[in-house]
Amino acid sequence: MSELLQEFRALGIATIAAAVVGTLMLLLLSWLTIRQAMRPIGTLTETATAIAAGDLDREAPIESEDEIGTLARAFNSMTEQLRGLIGGLEHQVAERTRDLARRSAYLEATADVGRAASSILETGQLTEQVVELIRERFDLYYVGLFEIDPAREWAVLRAGTGTAGSAMLARGHRIRVGEGMIGWSVEHGQSRVALVAEEDAVRLATAELPETRSEAALPLRSRGVVVGALTVQHTQPGAFDPDTLAVLQTMADQVAVALDNARLYTESQEALEATRRAFGQMSREAWRQLLRPRQEWGYRYAHRTVSPVEGERSPAMLRAERAEQTVQWEGQPGMSLAIPLRLRDQIVGVLGFRKGEGERWSDEETDLLEAFAARLETALEGARLYQ
């Protein structure tokens with residue numbers, strides 16, 4: 001009986017041991033199975049974390065064709081689309097930045113041309129400065145400015161950049177209105193563009209500019225009238241896009257108005273100078289007519305008495321009239337001071353003063369008498385006009 005119990009006890013222990021071992025093996029197998037099943041998810045999670053941190057080149061590995069593999073494919077597709085989207089955005093931002101920088105440069109160039117156009121009234125200086133500004137700011141091969149002659153038959157080069165411009169100016173380069181891109185632009189009042197210079201039907205090639213590959217001609221318009229044209233040339237084909245042409249045309253119009261204003265200013269100055277000369281001639285003739293019938297050539301104030309002058313004028317007065325400036329003369333008796341009276345660039349009389357023997361004229365006295373003479377000049381002209 002005791003042996004049977006011992007066998008049962010041994011069997012029970014063996015059974016329990018087998019159960020424990022089996023349970024442990026089952027747990028180990030379960031853990032390995034779960035770990036194997038979770039490994040792709042962990043890898044996918046790690047990949048997602050890296051992509052979220054900015055590593056868009058990371059891709060999830062596809063190790064099976066089950067749901068996790070499908071999820072990895074979808075994740076990789078989404079990452080690829082995200083890369084494309086971000087790359088496209090970066091490209092757009094770069095394009096917008098370049099476009100903004102270019103527009104800013106255009107605005108600055110337009111402002112510089114506007115300042116030159118508003119501050120320079122001499123046409124030669126204005127045209128030279130404008131063509132150099134445009135060539136520099138737009139990085140062009142050549143810029144030339146033409147004006148129409150009074151007969152409106154020829155467009156004459158007035159300014160050109162570089163050695164080519166100097167050579168063409170030296171030989172009097174001009175283009176007949178209606179011929180070439182410049183002549184066409186002047187005749188039609190419109191811009192003309194040759195994105196490939198050799199292919200333009202009306203373009204006239206210039207020997208001094210062999211490297212031109214694209215060209216544009218822009219009319220100079222002021223108050224509805226074409227007064228000339230601007231040629232801009234580049235060494236690359238297709239260099240002039242619509243935005244660039246719009247800015248260049250704005251500059252051309254600014255220059256045209258400035259040239260017109262400079263011309264009007266010059267004409268007004270010439271007319272004013274002619275008027276001044278005519279008025280001065282009339283004034284001189286009027287003074288001759290006024291003084292011709294008079295026998296006396298002047299008056300003297302001495303000892304509180306005013307009397308006509310007899311005899312020759314004093315040496316000091318003669319010298320002041322010839323020199324057209326104040327003269328001091330030391331003679332007998334005393335020091336003389338003579339101040340010419342000037343009206344419209346002509347001497348119409350002389351004031352003579354004399355001090356006693358041994359006395360000299362101080363600077364303060366001379367300044368006071370010259371101021372008096374200036375007032376007398378105005379009064380004399382007013383009296384003549386009144387008569």
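A few points about this structure:
- Applying the set (1) exposed (fewer than 14 other Cβ atoms within 10 Å of the Cβ); (2) at pLDDT below 70 to A72 leaves exactly one unmet item: (1).
- Criterion violated by Q236 - all others in (1) modelled with pLDDT under 90; (2) assigned by TED's automatic domain parsing to the domain that holds R135; (3) over 18 Å from G180 (Cα atoms); (4) out of contact with any Leu (no Cβ under 7 Å at 6 or more places or on another chain) satisfied: (1)
- Candidates V226, V257 - the one that is within 25 Å of V143 (Cα to Cα), crowded, with 20+ Cβ neighbours inside 10 Å and modelled with pLDDT of 80 or more: V226
- When every residue of the stretch 187-207 is checked against the conditions, at least one turns out to be modelled with pLDDT under 95, within 28 Å of T266 (Cβ to Cβ) and surrounded by fewer than 17 Cβ atoms within 10 Å (Cβ to Cβ).
- In the stretch 142-160, the residues that are in contact with an Asp or Glu (Cβ under 8 Å, 6 or more places away or on another chain) and surrounded by fewer than 21 Cβ atoms within 10 Å (Cβ to Cβ): V156, R158
- Cβ-Cβ under 7 Å pairs, at least 6 apart or on other chains, the stretch 149-166 side among the β-branched types (V, I, T), far side part of a strand (DSSP E or B): V156/F146; V156/E147; V156/R174; T161/Y142; T161/V143
- Within the set E296, E321, E312, the sole residue that is out of contact with any strand residue (DSSP E or B) (no Cβ under 6 Å at 6 or more places or on another chain), modelled with pLDDT under 80 and either under 26 Å from A229 (Cβ atoms) or not basic (K, R) (or both) turns out to be E312.
- Residue-level analysis places V247 outside the set of residues that are crowded, with 19+ Cβ neighbours inside 10 Å, of a type in the set (V, I, T) and closer than 24 Å to E179 by Cβ.
The values are calculated or read from the model by the stated rules, or taken from the named source; none is laboratory data. Quantities reported herein were computed from a predicted structural model and do not represent experimental measurements. FYI the Cβ positions are ideal-geometry reconstructions off the backbone, even for glycines, and counts take in every protein chain you see.
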